[in-house]
1. Hey, among the residues in the range A:86-120 that are free of Cβ contacts under 8 Å to residues at least 60 places away in the same chain and of a type in the set (Gly, Ala, Ser), which one's farthest from the other protein chains (Cβ to nearest Cβ)?
2. Can you go through B:Leu195, B:Leu202, B:Leu155 and tell me which one is aliphatic (A, V, I, L, M) and in contact with a Lys or Arg (Cβ under 9 Å, 6 or more places away or on another chain)?
3. Quick one: count up the residues across the range B:48-86 that are among the acidic types (Asp, Glu) and away from chain A (no Cβ under 14 Å).
4. Look at the range B:458-517 and say how many of its residues are in contact (Cβ under 8 Å) with a residue 40 or more places away in the chain, away from chain A (no Cβ under 12 Å) and in a strand (DSSP E or B).
5. Report yes if B:Arg173 is touching a residue at least 40 places away in the same chain (Cβ under 8 Å) and surrounded by fewer than 15 Cβ atoms within 10 Å (Cβ to Cβ), otherwise no.
6. Of the conditions (1) surrounded by fewer than 16 Cβ atoms within 10 Å (Cβ to Cβ); (2) more than 18 Å from B:Asn381 (Cα to Cα), B:Glu280 satisfies every one except a single condition; which number is it?
7. Answer with yes or no whether B:Asp348 is outside any helix (DSSP H, G or I), more than 14 Å from chain A (Cβ to nearest Cβ) and in contact with a Ser or Thr (Cβ under 6 Å, 6 or more places away or on another chain).
8. Would you tally the residues in the range B:541-597 being assigned to a loop (DSSP other than H, G, I, E, B) and of a type in the set (Ser, Thr, Tyr)?
Amino acid sequence: METLRYTLRKLLGGVPLILGVTFLSFLLMVYFGPDITYEFTSKNPTAQEIASVRAELGLDRPFLVRYADYLREIVTLDFGHSFASGERVTRILARTIPISLAVIIPGFILGNLLGLVFALIAANHRSGWIDKAIMAASVVGMSISFLIVVIVFQIVFCSSYGLNLFPSRGWQVDGPGDYLMHVTVPTMATVFVALGYNTRFYRAVLVEELTRDHVRTARAFGTPPSQVLYKHVLKNSLIPIVTRIMFSIPLIVISGSLIIESYFGIPGVGKITFDAIKVNDQPILKAVVGLTALLFVLTLIVTDVLYSVFDPRVKLK
Amino acid sequence: MRLIGTIAGIALLVAIAFGTYSCSSDTGQGDPDLKVYRHSFDEAPRSLDPARAATVYSNFIVLNTYDTLYAYKYLARPYELKPNLADGMPAFSDDGLTLTVRLKRGVHYIDDPVFEGGKGREVTAHDFVYSLKRHFDPRSLSQGAWFWQGRIVGLDAWGEAGADYAQEVEGLRALDSHTVQITLTRPYPQITHTLAQGFAALVPREAVDEYGRELSVRPVGSGPFIVEDFDSTRAVLRRNPDYRSEPVDLAYEGYDEAVHGFSGVKAIDGRSPPFVDRIEIDFISDDSSRMTSFTKGDELHYARLPSAFYDNYLKSKAPIALSDDNASKYHMLAGVEPGFVFHQFNLDDPILGYHDDPAREAANKALRCAIIQGFDWEARNNGFYGGVAVVFPGTIPPVVPEFDETLSRDSVTRDVNAAKALLAQAGWTPETLPELTYGVPSSVRQTQMFEQFRGFMQDIGYPRDKIVIKQYATFGDISKAWKQSQLPIVNKAWSLDFPDAENTLQLYYGPNGSPGSNDANYKNPGYDALYERAAVMQPGPERTALYQQMNRMIVDDCVAMTGLSRTIILLWHKNVIAFPDRNIVGGFWAKYVDLTD
């Protein structure tokens with residue numbers, strides 16, 4: 001009951017956040033985004049044709065009227081039709097979000113799990129050569145552009161100039177076998193890049209925990225090192241770790257991974273969003289921004305609830 | 001740790017389930033008995049609605065899923081029209097103002113829930129009338145209306161009066177279920193070409209009423225293929241099993257053993273298309289990604305060779321020839337594009353265009369002529385088009401029959417001294433030269449083009465700081481700047497809609513000034529009079545002479561730095577029987593594609 005009350009209170013508290021984010025983003029779309037009108041005109045347009053396109057797309061209506069429509073759309077989850085393709089926005093998102101999740105989740109999970117493992121090893125050997133080697137490798141991974149990683153991995157694993165083991169693009173998945181074929185290289189690229197960031201972050205968290213009194217006490221009592229690491233260090237570090245993971249989720253769900261999707265020809269929400277940004281396809285952008293804001297609010301609530309699960313000292317007030 | 005492991009396991013299962021679920025509709029993908037041709041586009045088409053088939057990519061798919069009254073012959077060059085859904089070429093009245101077209105009988109739309117019982121009904125003349133009317137209905141957001149604007153009696157007025165489909169249009173009538181009659185306001189020799197465009201495809205009203213704006217992703221046509229899947233990365237077309245039987249007459253299509261023999265297209269003679277079960281089209285804008293997929297061997301069958309890859313694939317650029325290794329694996333076709341790139345001066349801008357002061361106007365003309373003389377087309381060709389493009393003077397590109405081979409090449413031959421002399425004679429000094437803004441869509445390549453242009457201008461004495469770049473986030477944004485006459489130089493490309501120089505000469509017709517296609521805002525009553533005279537003439541030497549006279553006016557008045565037609569190099573695997581054409585024949589050739597294994 002306490003959790004429910006807390007959730008409702010937080011939901012109400014999230015309304016100003018959603019209003020602020022949507023208002024600012026819509027302001028940017030309308031007054032600073034590209035003018036899509038001229039993507040719709042013919043090769044020899046007349047002034048009348050241009051005015052007609054603006055009217056048909058609703059671009060000639062007052063800002064506040066359009067913003068009120070936007071809020072109504074968030075409430076009803078009906079964002080109308082994409083300006084560019086004409087397809088219903090909800091249909092586009094329903095088609096593309098699952099694909100993006102299917103592409104990104106394995107890399108996201110592996111990137112975090114491996115990051116934790118390497119961080120634990122590094123933290124346990126703090127200042128030793130193993131720690132330094134892991135940190136140096138992390139910096140290398142962080143320093144290479146994601147774009148370069150994707151291109152190199154594509155050439156090495158997917159092209160006739162390399163191993164030619166996996167498809168270079170597309171998303172024709174009829175079963176787990178096809179899925180693994182299509183997701184392996186994107187996952188490897190994602191993990192390669194994410195691992196450095198994750199390892200460094202998690203190591204910092206774990207090292208801080210290692211210096212705490214309870215760890216020193218556990219060691220003084222002769223607790224085996226592995227038990228100290230897993231039971232006393234990792235468990236007590238979960239709050240920053242959970243925070244990092246949880247706040248990545250809205251971006252993963254809505255934004256997908258533009259580079260992965262573009263280079264591997266995967267029809268996910270990242271590519272849709274990027275295409276929409278390029279031409280200011282407002283119905284899609286409004287949906288993506290609105291839903292991301294909504295997800296952030298929900299994530300905040302879930303994260304707070306998880307805090308209380310992982311650390312009984314945390315109370316939901 | 002156990003908790004994290006459990007969460008990870010669940011998430012992985014969910015991901016696999018999503019992956020499997022999201023692609024369950026992709027039927028037939030793995031069937032080895034199907035003939036699947038895998039094509040590639042450099043960009044994704046935005047809409048498959050014929051009213052918005054404004055790009056070569058949209059047009060390709062529209063022409064394969066809908067029917068048009070006319071089409072271009074598969075192999076004939078110069079390009080020739082032929083009946084498609086029409087059962088013959090149009091019958092023109094003696095005054096050239098009325099044309100009558102009869103439609104083939106027994107042609108049906110594909111089966112779709114929009115039809116009674118889900119069964120595709122017969123295509124009729126009323127569909128053509130409806131489809132053309134749609135272009136004048138603001139709700140269609142048509143990009144093709146300009147072909148017929150002011151051309152068909154009563155059609156513009158019908159749109160302006162509210163686009164009520166119950167109202168007849170005097171100049172656009174279905175005489176019976178299979179006969180269309182069009183009455184023109186004045187002779188329009190290019191009308192048959194316009195009826196071969198994706199814009200003129202026949203759309204069933206039921207589909208528009210039911211799907212509305214989503215017609216753009218759910219085509220309902222009567223063409224050789226049916227769209228099975230379409231998203232931001234690919235389109236999948238499957239063979240229309242009910243497509244009419246029309247055996248190929250290769251001689252009629254323009255077959256020439258010497259030109260087409262290498263492609264193997266002889267094998268389709270006498271057979272009825274389409275020949276493949278599926279066409280899968282990947283939209284790949286990144287060149288390296290496209291070529292990686294093409295060279296894998298089991299993915300793309302077809303790709304345009306990007307100029308950045310010429311050195312890797314070609315052993316010679318003149319003549320264009322593949323390296324031996326690539327020649328053993330791929331067929332190649334290199335051809336000059338039906339279009340060109342050019343830079344127009346915006347003559348509405350007083351810094352280099354028309355001016356109230358006649359002396360300044362004369363000086364402005366000298367400035368434009370000097371800039372033209374200073375522009376190095378060969379360097380542009382070598383720097384950005386692999387050195388294989390065709391540079392030509394004027395605005396009539398080499399691909400059309402009216403091209404003037406005798407026109408002086410002075411306007412495309414760099415002469416720095418002549419440019420300096422022109423500036424000096426007109427009294428221009430580095431101090432008095434106006435600041436020139438060079439607008440570009442934001443990209444590295446466009447910025448490099450600007451830098452090259454600035455270098456050209458420095459060579460003729462233009463101060464470096466007076467050539468400035470203005471970048472626009474999107475093509476739509478720079479297009480807006482052109483249409484609102486905001487830039488002194490309009491740097492653009494034009495693709496011909498049909499092989500007739502009228503399509504490029506209209507770029508300088510006065511009444512087409514901003515926001516129309518005449519971005520130069522060129523106003524020359526003499527030019528306009530010639531244009532109006534030629535516009536109603538049938539093709540022939542007399543009209544060609546007028547075209548070429550207008551072309552010379554463009555050059556003499558220093559209206560544009562023009563032009564360069566890019567050479568397009570197409571590659572396809574040897575197991576594909578095809579003779580591709582990217583622009584004019586457009587999508588019409590896809591139904592003739594076959595595979596040898």
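1. Only one residue fits best here, namely A:Ala94.
2. Of B:Leu195, B:Leu202, B:Leu155, the one residue that is aliphatic (A, V, I, L, M) and in contact with a Lys or Arg (Cβ under 9 Å, 6 or more places away or on another chain) is B:Leu155.
3. 2
4. 3
5. no
6. (1)
7. Answer is yes for this residue.
8. 1
The values are calculated or read from the model by the stated rules, or taken from the named source; none is laboratory data. Small disclaimer: the values here were computed from a predicted structure and weren't measured. Note that each Cβ is placed from the backbone with ideal geometry, even for glycine, and that neighbours are counted across all protein chains shown.
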